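Asks: Encoded as structure tokens, here's the structure I'll be asking about.
The values are calculated or read from the model by the stated rules, or taken from the named source; none is laboratory data. What you see is a predicted model, and the numbers here were worked out from it, not measured in a lab. Heads up, the Cβs are rebuilt from the backbone with ideal geometry, glycines too, and the neighbour counts pull from every protein chain shown.
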Amino acid sequence: MPDLVAHGVLAGLDEISGTGRDQRAGGYSRHLWQSAELDLRAWFTERAERLGLAVETDRNGNIWAWWGAPGRDAVVVGSHLDSVPGGGAYDGPLGVVSALDAVARLQAAGVVPTRPCAVLVFAEEEGSRFGVACLGSRLLSGAIDADKARGLTDRGGITFAEAAVTAGLDPAHLGRDQEALDRIGIFLELHVEQGRGLIDLAEPLAVASSILAHGRWRLSFTGQGNHAGATLMTDRRDPMVAAAHAIVAVQQAALDSPGARATVGRIEAVPGGTNVIPSAVHAWLDARAETDGQARAVVADITARLDSPHAGCAATVTEESWTGTVTFDPELAARLALALGGIPALPTGAGHDAGVLAARVPTAMLFVRNPTGISHSPEEFATLEDCLAGVEALDTLLRELL
Ligand code: HGY
Ligand code: MN
Ligand code: MN
């Protein structure tokens with residue numbers, strides 16, 4: 001991160017720039033309660049305690065750093081530290097370091113909060129380990145059934161409940177935390193923008209207006225496992241061929257629905273040998289659209305296209321997570337935008353913990369320009385100047401709110 005000079009806690013991005021580097025994929029792989037993310041938790045705790053914040057991990061693995069005593073009607077600012085596999089440096093951490101930096105600035109200016117204030121780091125925002133995005137905020141807010149969460153498994157077969165025990169939590173306590181929710185007077189999340197909106201607007205900052213409806217489905221194809229050399233082509237029921245046709249169908253279904261997006265970014269062959277015709281192939285679909293109805297219609301179209309799966313294989317479509325369209329409180333967004341001199345409002349196709357909390361507490365998001373317009377990739381970027389604009393915006397809003 002060459003152009004990030006030591007600038008307040010923004011230097012924090014430099015401090016963690018070596019944590020969780022993925023030599024194979026490039027970028028960062030920082031997944032819940034695995035070594036890199038545990039290092040980031042320790043780094044955050046040390047950073048927050050250096051600011052005199054009282055740090056506690058809640059029953060769902062989210063980390064709260066309180067400036068002063070915890071209490072109701074708190075101003076809570078934060079984001080996440082975990083990443084997608086091979087993710088960028090800013091998605092999540094920028095919001096966390098900017099929140100710490102804003103608190104540091106207010107403290108240096110002698111501001112004494114008139115209401116409780118906390119920096120909040122959500123667990124498993126990307127869903128990269130247990131498959132459900134925003135798992136920590138869903139659990140906190142009761143947006144996911146605790147039993148379903150306990151049973152989620154990672155690629156090694158470890159359940160979320162088992163991983164929670166290893167992390168020092170009691171799985172029996174996972175789930176809606178009304179006491180924590182009742183403390184939140186307003187939640188603010190600053191986040192690097194993950195599309196081209198601010199490039200096109202030629203603006204460094206925006207407030208969020210909405211988030212696309214989005215969900216994840218597992219597409220499973222079963223055929224006949226067999227020998228790659230001894231099995232004639234005409235004797236095969238190859239689920240990889242069925243999956244290949246399905247992936248093209250996914251693209252076509254989204255192209256046929258203006259504005260919709262559908263992606264297969266992860267595929268697994270069972271057993272996965274080079275000289276083995278798979279017995280099964282699993283592919284994960286991420287589908288999104290402006291409205292719940294449109295997103296579900298795209299998935300229904302994909303499902304219909306799988307009804308006659310290729311290669312004599314069977315196909316199933318299993319929903320793994322769903323989040324309806326989020327519309328942020330327009331009055332709150334407008335009020336914050338005005339306080340920041342009239343910055344624009346921008347929709348996003350990316351999901352966020354703020355999108356989950358918006359259903360329960362007053363919530364707003366700030367976006368910081370990403371000049372590459374690329375995210376979930378090592379090419380994700382934000383200039384120091386725009387990062388500082390984000391911190392100054394949080395500083396301004398916190399002075400207004402505290
Ligand atoms: O998938 C998303 O949109 C977010 O990055 N979790
Ligand atoms: Mn992300
Ligand atoms: Mn994010």
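Asks: Among what's in the stretch 178-200 and is within 20 Å of R59 (Cα to Cα) and under 20 Å from the mean Cα position of the chain (by Cα), pick the residue that is nearest to ligand 2 (Cβ to nearest atom).
Replies: Here the answer is F187.
Asks: Within the stretch 110-138, how many residues are of a type in the set (S, T, N, Q), surrounded by fewer than 24 Cβ atoms within 10 Å (Cβ to Cβ) and within 13 Å of ligand 3 (Cβ to nearest atom)?
Replies: Within the stretch 110-138, residues that are of a type in the set (S, T, N, Q), surrounded by fewer than 24 Cβ atoms within 10 Å (Cβ to Cβ) and within 13 Å of ligand 3 (Cβ to nearest atom) number 1.
Asks: Taking the criterion of being on the phi > 0 side of the Ramachandran plot and under 22 Å from the mean Cα position of the chain (by Cα), would at least one residue in the stretch 349-372 satisfy it?
Replies: no
Asks: May I ask you to list the residues in the stretch 375-402 that are out of contact with any helix residue (DSSP H, G or I) (no Cβ under 8 Å at 6 or more places or on another chain) and within 14 Å of ligand 3 (Cβ to nearest atom)? Walk me through it before giving the result.
Replies: First, pick out the residues of the stretch 375-402 that are out of contact with any helix residue (DSSP H, G or I) (no Cβ under 8 Å at 6 or more places or on another chain): 375-381, 383, 385-386, 389, 392-393, 401.
Within the stretch 375-402, S375, H376, S377, E380 qualify.
Asks: Here are some residues: A393, A382, A359, A354. Which one is buried (at least 20 other Cβ atoms within 10 Å of the Cβ) and under 30 Å from D292 (Cα atoms)?
Replies: Only one candidate qualifies: A354.
Asks: Out of (1) touching a His at 6+ places or on another chain (Cβ under 7 Å); (2) farther than 26 Å from A206 by Cα; (3) not β-branched (V, I, T), what's the single condition that is false for D147?
Replies: (1)
Asks: For V121, which of the numbered conditions (1) touching a residue at least 60 places away in the same chain (Cβ under 8 Å); (2) more than 16 Å from ligand 1 (Cβ to nearest atom); (3) hydrophobic (A, V, I, L, M, F, W, C) fails to hold?
Replies: (2)
Asks: Within the stretch 150-164, can one find any residue that is surrounded by 15 or more Cβ atoms within 10 Å (Cβ to Cβ), free of Cβ contacts under 8 Å to residues at least 12 places away in the same chain and more than 22 Å from V326 (Cα to Cα)? Talk me through it step by step, then tell me what you get.
Replies: From the stretch 150-164, those surrounded by 15 or more Cβ atoms within 10 Å (Cβ to Cβ) are 150, 152-154, 158-161, 163-164; that's our starting set.
In the following step, the residues that additionally are free of Cβ contacts under 8 Å to residues at least 12 places away in the same chain were identified as 158-159.
Now drop any that are not more than 22 Å from V326 (Cα to Cα), which leaves 158-159.
Within the stretch 150-164, one or more residues are surrounded by 15 or more Cβ atoms within 10 Å (Cβ to Cβ), free of Cβ contacts under 8 Å to residues at least 12 places away in the same chain and more than 22 Å from V326 (Cα to Cα).
Asks: Here's something else I'd like to know. Looking at the stretch 256-273, is at least one residue within 16 Å of ligand 2 (Cβ to nearest atom), at pLDDT 95 or above, outside the structural domain of H376 (by TED's automatic domain parsing) and of a type in the set (D, E, K, R)?
Replies: Of the stretch 256-273, the ones within 16 Å of ligand 2 (Cβ to nearest atom) are 261, 263, 265-266.
From what is left, the residues that are at pLDDT 95 or above are 261, 263, 265-266.
Then drop every residue that is not outside the structural domain of H376 (by TED's automatic domain parsing), which leaves 261, 263, 265-266.
Retained after the next criterion (residues that are of a type in the set (D, E, K, R)): 261, 266.
Yes - at least one qualifying residue is present in the stretch 256-273.
Asks: Within the stretch 139-149, take every residue that is within 16 Å of ligand 1 (Cβ to nearest atom) and among the small types (G, A, S) and give me the one that is surrounded by the fewest Cβ atoms within 10 Å (Cβ to Cβ).
Replies: A143
Asks: I'm told E331 meets every condition in (1) more than 16 Å from ligand 1 (Cβ to nearest atom); (2) acidic (D, E); (3) under 17 Å from E125 (Cα atoms) except one. Can you identify the failing condition by its number?
Replies: The number of the failed condition is (3).
Asks: Still on this model: If you check G265 against the conditions, is it within 27 Å of the chain's Cα centre (by Cα) and part of a strand (DSSP E or B)? Break it down into steps so the answer makes sense when it comes.
Replies: Working: within 27 Å of the chain's Cα centre (by Cα): yes; part of a strand (DSSP E or B): yes.
So G265 passes the test.
Asks: Looking at (1) within 22 Å of L397 (Cα to Cα); (2) touching a strand residue (DSSP E or B) at 6+ places or on another chain (Cβ under 7 Å), which is the one condition that is false for A108?
Replies: (2)
Asks: Within the stretch 187-201, does at least one residue satisfy the condition of being assigned to a helix (DSSP H, G or I) and of a type in the set (D, E, K, R)? Show your work before the answer.
Replies: Start the filter on the stretch 187-201 by keeping residues that are assigned to a helix (DSSP H, G or I), which leaves 197-201.
Restricting the remaining residues to those that are of a type in the set (D, E, K, R) gives 200.
Checked the stretch 187-201: at least one residue is assigned to a helix (DSSP H, G or I) and of a type in the set (D, E, K, R).
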